[in-house]
Amino acid sequence: MKITKMRVDGRTIVMERTSKEGQLVYEGIDENKTEEIIFDKKKESFYKSILNKTVRKPNKKEKDKRKIAINKEITELMSAVLHQEKPNLKLHNLKSLDKNALTQLFKHDFQKTISYPPHKNAEHVKFCLADLAVEAIQGIDATNPDWAKLFEMLKPYTDWAESYIHFKQTTIQKSIEQNKIQSAHSPRKLVLHKYATAFLEGRVMGYESLAAKYRLADLAESFKVVDLNKDKNANYEIKKILQQHQRNILSKLKTDPELNQYGIEVKKYIERYFPIKSKPKRNKHSRADFLKKELIESTVKQQFKNAVYHYVLEQGKMEAYNLTSPKTKDLQNIRAGEAFSFKFINACAFASNNLKTILNPECEKDILFKNDFIQNLPDSTTRPNVVQKMIPFFSDEIQNVNFNEAIWAIRGSIQKIRNEVYHCKKHAWEKILKIKGFEYRPNMKYADTEMKDLMDNDIAKIPVFIEEKLKSSGVVRFYKQEDLQSIWERKQGFSLLTTDAPFVPSFKRVFAKGHDYQTSRNRKYDLALTIFDRLEYGEEKFRARYFLTKLVYYQQFMPWFTTDSSAFREAANFVLHLNKNRQQDAKAFTNIREVEKSELPRDYMSYVQGQIAIHEDATEDTPNHFEKFINQVFIKGFDKYMITSDLVFIQSPENQELEQSEIEEMRFDIQVTPSFLKNKDDYIAFWTFCKMLDAKHLSELRNEMIKYNGDLTEEQEIIGLALLGVDSRENDWKQFFSSEQEYEDVMKGYVGDALYEREPYRQSDGKTPVLFRGVEQARKYGTETVIQRLFDANPEFKVSQSNIAEWEQQKETIEGTIKRRKDLHDAWAENPKKPQSDAFLKEYKACCEAIDAYNWHKNKATLVYVNELHHLLIDILGRLVGYVAIADRDFQCMANQYLKSSGHTERVDSWINTTRKNRPDYIEKLDIFMNKAGLFVSEKNGRNYIAHLNYLSPKHKYSLLYLFEKLREMLKYDRKLKNAVTKSLIDLLDKHGMCVVFANLKNNKHRLVIASLKPKKLRHLSGKKLNDSYIETNQVSEEYCSIVKALLEM
């Protein structure tokens, strides 16, 4: 049963934990309300739980209206019995059933005799609900029911229910009260403190003696009688043997806290490798190894060690945040703050690597360190090349500013943010992101530099950025200029701030789901929509429509809708009534109220999330009603906005037959007034920092800001400004290449057989180079060297003549193939359950395969796959950096706990402090301690290699898989973190459309070896089968998987 995060009487319930007790409180009110909430406010949830245990649910696919009515009738009747309230029911359906049919309405347990003690030490009372209910229902007068008599006949059931509820309430109350933050004086913490002290003082910790006292050898001997061929039943036997062993040494466990803690670790070991609730994942012989004394002892020893390490880290973190008696809110704030910090650390690593790419890609030092930065500054000969590489980040105007001021300002904006966020402490974000000065000359201020002028130029160019997007997306080719101009003349204008609400659905989801709701033949919801009629991504005019609609959604509709209470209220109440009137979803929305006047959208969405969660937990429903509800609200709201704002013309793009010269001369009057203008000088440094990021990192920072702190609105606008200009393209190859020869030299790395001399790598004049997105991104953000090294080692991955020939040949037929698949899909969608002929399915599958083949040849010929490789590489390196940030935090906590225990007053804030020359005595001792413990210090080189993104250096020595191995070694102090490293790579490749399987670590000396890397499958036609096989297509090509595998292993 879900209790916390729910709302009662308009207030959110939260769990508050202290070192004394756990308690339920209302958010913002520091008063224990556990008893009131459990025994009064939440009692209805207990009744719902009882009802769900009592009455059978109808099959979700049930269509027999009479059966549905019968189930509704028995449910309402039993609810009335529980509440002792007269129902407004006619029992004709129930009275028409015979004894057997009535009995089957109840769940199995209530068809049998139930025996229970009404209270402790009382004699058991017995009853059979099915028998009582059959007699009561069959004996009642349907036209004039005597409800009091029926309630009396079912009293044994209601007595049991009240007894059961009281027991549950009392149990939950005790559980909540005992769910406290363990104090330093709890038995477990005292044991961990003792071992942590021994660890920090370098003394022997004595795990072996605990194994002997626990009689681990006897336990292992007992396991030998288990028949491992029985799979899951064997796990039950193993659990029973462990429980009996614990009983045999119970007196020792009670009097020896250390032995008791050791027993807890043994229990964790057995639960992990021999779980009760899942089937064994290992074969019989492998499982037998896990029952041997030696393996149990070594693994449990490591578990115990990890618990000690975790205790030390926990104490270090409490000290870093100045917490002595932390509460739940304190711990939640720490987690949220760390998540936000790690996102910034990732962005700082990316930005500093871009600075390194600009100055010297071969540098393997930290470019933000003053000495390393100065050593890599260009001389007068190389400066023009450096300035050329700055242009894609800051536009041509960067050539006209003082170079030294600009490059030092860029370095300062990244360095100052990184130095703040890397420290394990509470951060004052409103100050961190308002950097005034930087190193170059004494008292150098951002407001006194030409970076201020560059930022002013960016602000002034907001209309130009929007114009560029309208032109590059093809929008101006399909809409009249005056219609487009009308968009910016709406009262909502154009906002750099999208929203401050954390639950807002993406445009992609709103558009796709809106289309489903509007066009589905089996319409489940009538949202009365008008603008979501077409969803054909392939057409050029549709892409223009999609882009323009998306621009309106994010920059106009969303900031208005999430702050305008009346517009949000109208859409939300419409959708709420729609769901309440739908039989399938009505229960989830029964207790949800309408939006109150002046209630903020974000507050109402939080309320709805809580209320629906109560229903889904109580009824064990799995559908995410909240997500569906919010999607519907925004779909309806956006549809209404487009209509009332006279923007319906966006639905009907028509080719305006414009000449290129007309497009180039087209201008719009767009007025944008960011709220940060009054404090503009405070954000020059943050704007400079943002200009060093790509769209992905900027979007992630903004999204994290919305979740973490909705008050950082001006900072979000700065990110919005940077997003407008990031990767702004006019297809000007000269921004990235100093000459045609340099362009050709780079293109040879991607394209074979001198194909770069012809289309599609030259414009229609046969001379002018074409700048592809993948080439631009890889060159700008430093992945070009790695990708070209990959292609040089594997020339078969380059674009070939056959790729282009296949693409050009398939161009002639692809539109017909796409249309034919759509026709076949539409025919299937009219009646999905209708059996289809093999000929139909074969044709559909052939269309899918032809479209897949075309898409791959097109993506390869136009170097889209280079762009995909670039983004995959950046994602992988970002994930590695994130784990290093966690290790940095843990090093700081552990090192400072060592210094504290050794009587030193000094503290460290990074590994850097331990590597400097002429180290003080306390650093020497810390280094010796860490080396002896085998933690952190031995991995400095690996840490720096990952943190500084040296993998992108032309001199890089290690494969990506090797870096993941080093990271696992670095995090060996935390088993969960260590295992999460490999899982994160699996998840990341999954996100990019691939499934990876690694070979057994133990068999490969704990090296990561790829056993297989294959495309993820997309299943068509709701699982229809052809020759016993599903009709599936690949999310990516087999060849792309081969390329990625080679990249990971290179």
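The values are calculated or read from the model by the stated rules, or taken from the named source; none is laboratory data. As the structure is a computational prediction, the values presented were derived from the model and not from experiment. Note that each Cβ is placed from the backbone with ideal geometry, even for glycine, and that neighbours are counted across all protein chains shown.
Regarding region 389-397, can at least one residue be identified that is of a type in the set (Ser, Thr, Tyr), assigned by TED's automatic domain parsing to the domain that holds SER341 and crowded, with 19+ Cβ neighbours inside 10 Å? No.
Could you say whether any residue in region 268-289 is modelled with pLDDT of 90 or more and under 25 Å from PHE199 (Cα atoms)? Within region 268-289, one or more residues are modelled with pLDDT of 90 or more and under 25 Å from PHE199 (Cα atoms). Counting residues in region 839-858 that are crowded, with 17+ Cβ neighbours inside 10 Å, closer than 30 Å to GLU757 by Cβ, aromatic (Phe, Trp, Tyr) and not assigned by TED's automatic domain parsing to the domain that holds ALA695 gives one or more.
Of all residues in region 447-465, those being surrounded by fewer than 20 Cβ atoms within 10 Å (Cβ to Cβ) and under 23 Å from THR549 (Cα atoms) number 4.
When the helices (runs of 4 or more DSSP H) confined to region 633-731 are screened for residues that are among the polar types (S, T, N, Q) and not assigned by TED's automatic domain parsing to the domain that holds ILE414, those reaching at least 1 such residues are found at 660-665.
Tally the residues that are over 16 Å from LYS120 (Cα atoms) and crowded, with 17+ Cβ neighbours inside 10 Å, restricting the search to region 159-179. Qualifying residue count for the region: 3. Would you pick out the residues in region 351-401 that are of a type in the set (S, T, N, Q), at pLDDT below 95 and under 27 Å from LEU721 (Cβ atoms)? Residues satisfying the conditions are GLN388, SER395, GLN399, ASN400.
Kindly indicate the residue of region 195-212 that is surrounded by fewer than 16 Cβ atoms within 10 Å (Cβ to Cβ) and not β-branched (Val, Ile, Thr) and also farthest from TYR898 (Cα to Cα) among those meeting that condition.
If we take residues in region 195-212 being surrounded by fewer than 16 Cβ atoms within 10 Å (Cβ to Cβ) and not β-branched (Val, Ile, Thr), then ALA212 is farthest from TYR898 (Cα to Cα).
The residues of region 475-488 that are touching a residue at least 40 places away in the same chain (Cβ under 8 Å) and either crowded, with 18+ Cβ neighbours inside 10 Å or not small (Gly, Ala, Ser) (or both), listed by number, are VAL475, VAL476, ARG477, PHE478, TYR479, LYS480, GLN481, ASP483, LEU484, GLN485, ILE487, TRP488.
Candidates LEU985, LEU977: the one that is within 25 Å of TRP911 (Cα to Cα) and under 23 Å from the mean Cα position of the chain (by Cα) is LEU977. GLN244 falls short of the stated requirement of being buried (at least 18 other Cβ atoms within 10 Å of the Cβ) and part of a helix (DSSP H, G or I). The number of residues in region 185-200 that are within 25 Å of SER325 (Cβ to Cβ) and free of Cβ contacts under 8 Å to residues at least 60 places away in the same chain comes to 2. The residue of region 411-436 that is nearest to LEU359 (Cα to Cα), among those that are touching a Ser or Thr at 6+ places or on another chain (Cβ under 6 Å) and not hydroxyl-bearing (Ser, Thr, Tyr), is ILE414. Residue count for region 428-455, restricted to those that are of a type in the set (D, E, K, R) and without any contact (Cβ under 8 Å) to a residue 60 or more places away in the chain: 6. For region 519-540, the criterion of a residue being in a helix (DSSP H, G or I) and surrounded by 15 or more Cβ atoms within 10 Å (Cβ to Cβ) is satisfied by no position. Filtered by the rule that a residue be hydrophobic (A, V, I, L, M, F, W, C) and out of contact with any Lys or Arg (no Cβ under 9 Å at 6 or more places or on another chain), region 815-839 gives ILE818, LEU824, ALA827, ALA839. Considering the conditions (1) in a helix (DSSP H, G or I); (2) farther than 28 Å from VAL746 by Cα; (3) out of contact with any strand residue (DSSP E or B) (no Cβ under 9 Å at 6 or more places or on another chain), LEU841 is excluded by exactly one of them, (3). The set of residues from region 418-439 being in a loop (DSSP other than H, G, I, E, B), of a type outside the set (Gly, Ala, Ser) and within 28 Å of the chain's Cα centre (by Cα) comprises TYR422, HIS423, CYS424, LYS425, LYS426, HIS427, LEU433.
The residue list ARG203, ARG215, ARG247 contains one member that is at positive phi, without any contact (Cβ under 8 Å) to a residue 40 or more places away in the chain and basic (Lys, Arg), which is ARG215. Per this entry, VAL226 is counted among residues that are closer than 18 Å to LYS292 by Cβ and outside any helix (DSSP H, G or I). Every listed requirement among (1) surrounded by fewer than 17 Cβ atoms within 10 Å (Cβ to Cβ); (2) modelled with pLDDT under 95 is met by ASP875 save one, (2). Selection of region 292-342 for residues being in a loop (DSSP other than H, G, I, E, B) and at pLDDT below 90 yields TYR321, ASN322, LEU323, THR324, SER325, PRO326, LYS327.
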